[in-house]
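Since the structure comes first, as structure tokens, the remarks are kept for the end.
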Amino acid sequence: MRVLQVIHDYLPHHAAGSEIYTSHLCRALRAAGHDVAVFTCEENRALPQWSLTERRHDGVPVFEAIYNRIYHDLSEQWDDPKMGPLLDGVLARFQPDLVHVQGLQFVGGVSALAALAARRVPVVMTLHEYWWLCPRAGLMFDVAGRACERATPTDCARCVDVYPIDRRRWGDGRHGGAPAPAAPGERDGADAEDKPPSGTHAALGTRRWFARALEGRERELRAAREHVQRFIAPSRFLLERFVAAGFPRERMVHADYGFPPAPPRAATSRADGAREPARRFADAPLRVGYVGTLSDYKGVEVFARAVERAAGPRETLRATVWGHLDWFPDVAARLRAIAERCRALRLAGPFAPARRDAIFAELDLLVVPSLWWENSPLTIHEAWQRGVPVLASDRGGMAELVGRGGGATFPPGDDAALAALLGRALREPGFLAQLAAGIPPVRPIEEDVALLEALEQQLRR
């Protein structure tokens, strides 16, 4: 079987959950005797946008379209017509039996799916987030810092009005009113002097153009989803969200992420000289950590504030934050301010993927404090594979996972409740052991390979 993976970004320069999972899956597919390639995007201002480069990663051919995020209209977020021909050229060369989509932003969106449909190649897509429903990178988390119960064009307009907008396409001249001229030197869509017409979008002011564009997005994506034969949902929570949004249940498949085996957790010596799995001893500091993106929607500041609350005068708590400090400067600045006040908190920066096992070996407890509707966080599975229990926000796929055991939950954004759980782990030596005893098994990546094999056979009939 020849499988083309389509994803917005890829390793080694991008190492978030979907990229790491795709790399695991590529390796497992090759081990099972299948041919694999990746079609992805990369920002490189030294090369023209929409040019195509080629490289290899971990033995896998990677076709990398240059996408420098030079936008002319908001609609390019979900439909970039110039990406379709690039993908079509890769399809002609690689001749896949199955295309497995991991992400559609940057790689063309609607136009990418149209290219796949024209080649009549079976398409399955793993849903890592809510891109189909939410124009803010699929987060379902608005610019005011709130998790969205549902996405609507009028509400979502405030999250995307930083993008250029083509007023000839979305403006009043084509939608029931007179077009407003742009002031000299003004970017399209930012004319504060424009008088909104009467009608459905009048109250939105200049945001009405963005709301109209997002209504178009809904229509175009509703048609484009017919080009995907199966959607794989790693959590039941996410699956039900998509069904509620109108996606056909009969084309949804629930299958949590699979993982390659992790090395055994390092052993430590007991006082009597025997060997046992690593754990926290009663007289040792509690080692807690956060691993991931340092953004507002990931809730890392909730973790930092909870550590500051829980840390006492004695050095019984050691908390480490791993992640890029330069991606979200405002969040990083607030984290640094807390770390200056709290000796228990250390900002360690990013780490190379090869150090992942060593990082988790340093932890007694992982905290996943996300504020958005997480799907099925990879870090929870990675911690469980290494015997590390998890404290997670009681929301979305996090609550679904930890509800099976292996940790405890706290209300999203509630640093006092998280601090109370950390305090319990500090005071009660048996608490961590109780959580660790409930860790469920993690699905092996070979089951994901078997699922793709089965879907390819089913969809080829």
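The values are calculated or read from the model by the stated rules, or taken from the named source; none is laboratory data. The model shown is predicted, which means the values in this text are computed figures rather than measured ones. All Cβ positions, glycine included, derive from the backbone under ideal geometry; neighbour counts span all protein chains shown.
Structure summary
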{"read-out": "Condition broken by Arg169, with the remaining ones in (1) modelled with pLDDT of 95 or more; (2) outside any loop (DSSP other than H, G, I, E, B) satisfied", "value": "(1)"}
{"read-out": "Conditions (1) buried (at least 22 other Cβ atoms within 10 Å of the Cβ); (2) within 29 Å of Arg158 (Cα to Cα); number of the one not met by Arg69", "value": "(1)"}
{"read-out": "Exclusive hit being within 25 Å of Ala262 (Cα to Cα) and part of a loop (DSSP other than H, G, I, E, B), set Tyr71, Tyr10", "value": "Tyr10"}
{"read-out": "Qualifying residue in the range 126-136 (condition: more than 17 Å from Arg241 (Cα to Cα) and either assigned by TED's automatic domain parsing to the domain that holds Phe237 or out of contact with any Phe, Trp or Tyr (no Cβ under 7 Å at 6 or more places or on another chain) (or both))", "value": "no"}
{"read-out": "Hey, Ala337 surrounded by fewer than 20 Cβ atoms within 10 Å (Cβ to Cβ), among the aliphatic types (A, V, I, L, M), at pLDDT 95 or above and in contact with a helix residue (DSSP H, G or I) (Cβ under 7 Å, 6 or more places away or on another chain) or not", "value": "no"}
{"read-out": "Gly109 vs. criteria crowded, with 22+ Cβ neighbours inside 10 Å and on the phi > 0 side of the Ramachandran plot", "value": "yes"}
{"read-out": "Contacts under 7 angstrom Cβ, first residue in the range 204-225 being under 16 Å from Cys134 (Cβ atoms) and outside the structural domain of Val124 (by TED's automatic domain parsing), partner surrounded by fewer than 19 Cβ atoms within 10 Å (Cβ to Cβ) and among the polar types (S, T, N, Q), 6 or more apart", "value": "Ala211/Thr154"}
{"read-out": "Check on Arg55, without any contact (Cβ under 8 Å) to a residue 40 or more places away in the chain and either outside any helix (DSSP H, G or I) or aliphatic (A, V, I, L, M) (or both)", "value": "yes"}
{"read-out": "Conditions (1) at pLDDT 85 or above; (2) over 29 Å from Ser376 (Cα atoms); number of the one not met by Arg187", "value": "(1)"}
{"read-out": "Selection within the range 19-42 - closer than 16 Å to Gln95 by Cβ and of a type in the set (Asp, Glu)", "value": "Asp35"}
{"read-out": "Qualifying residue in the range 47-66 (condition: surrounded by fewer than 17 Cβ atoms within 10 Å (Cβ to Cβ), among the β-branched types (Val, Ile, Thr) and over 24 Å from the mean Cα position of the chain (by Cα))", "value": "yes"}
{"read-out": "Residue match in the range 244-252 (condition: surrounded by 15 or more Cβ atoms within 10 Å (Cβ to Cβ), part of a strand (DSSP E or B) and under 22 Å from the mean Cα position of the chain (by Cα))", "value": "yes"}
{"read-out": "Some residue of the range 407-428 being touching a strand residue (DSSP E or B) at 6+ places or on another chain (Cβ under 7 Å), crowded, with 19+ Cβ neighbours inside 10 Å and closer than 26 Å to Ile445 by Cβ", "value": "yes"}
{"read-out": "Enumerated helices (runs of 4 or more DSSP H) restricted to the range 344-461, each holding at least 2 residues that are closer than 25 Å to Ala262 by Cα and touching a residue at least 12 places away in the same chain (Cβ under 8 Å)", "value": "356-361, 378-385, 396-402, 429-437, 445-460"}
{"read-out": "Residue check, Glu76 in a helix (DSSP H, G or I) and closer than 30 Å to Gly171 by Cα", "value": "yes"}
{"read-out": "Single condition His324 does not satisfy, out of (1) within 18 Å of the chain's Cα centre (by Cα); (2) assigned to a loop (DSSP other than H, G, I, E, B); (3) surrounded by 22 or more Cβ atoms within 10 Å (Cβ to Cβ); (4) not aromatic (Phe, Trp, Tyr)", "value": "(3)"}
{"read-out": "Residue satisfying all of: in the range 87-102; out of contact with any Asp or Glu (no Cβ under 7 Å at 6 or more places or on another chain), outside any loop (DSSP other than H, G, I, E, B) and in contact (Cβ under 8 Å) with a residue 40 or more places away in the chain; surrounded by the most Cβ atoms within 10 Å (Cβ to Cβ) among these", "value": "His100"}
{"read-out": "Identity of the residue in the range 429-461, of a type outside the set (A, V, I, L, M, F, W, C) and crowded, with 19+ Cβ neighbours inside 10 Å, that ends up farthest from the chain's Cα centre (by Cα)", "value": "Glu456"}
{"read-out": "Verdict on His24 being at pLDDT 95 or above, over 20 Å from Trp132 (Cβ atoms) and in contact with a Pro (Cβ under 6 Å, 6 or more places away or on another chain)", "value": "yes"}
{"read-out": "Exclusive hit being in contact with a Ser or Thr (Cβ under 6 Å, 6 or more places away or on another chain) and over 23 Å from Ile20 (Cα atoms), set Pro122, Pro85, Pro81, Pro48", "value": "Pro81"}
{"read-out": "Positions within the range 228-280 being at pLDDT 95 or above and of a type in the set (Asp, Glu), in sequence order", "value": "Glu240, Glu250, Asp256"}
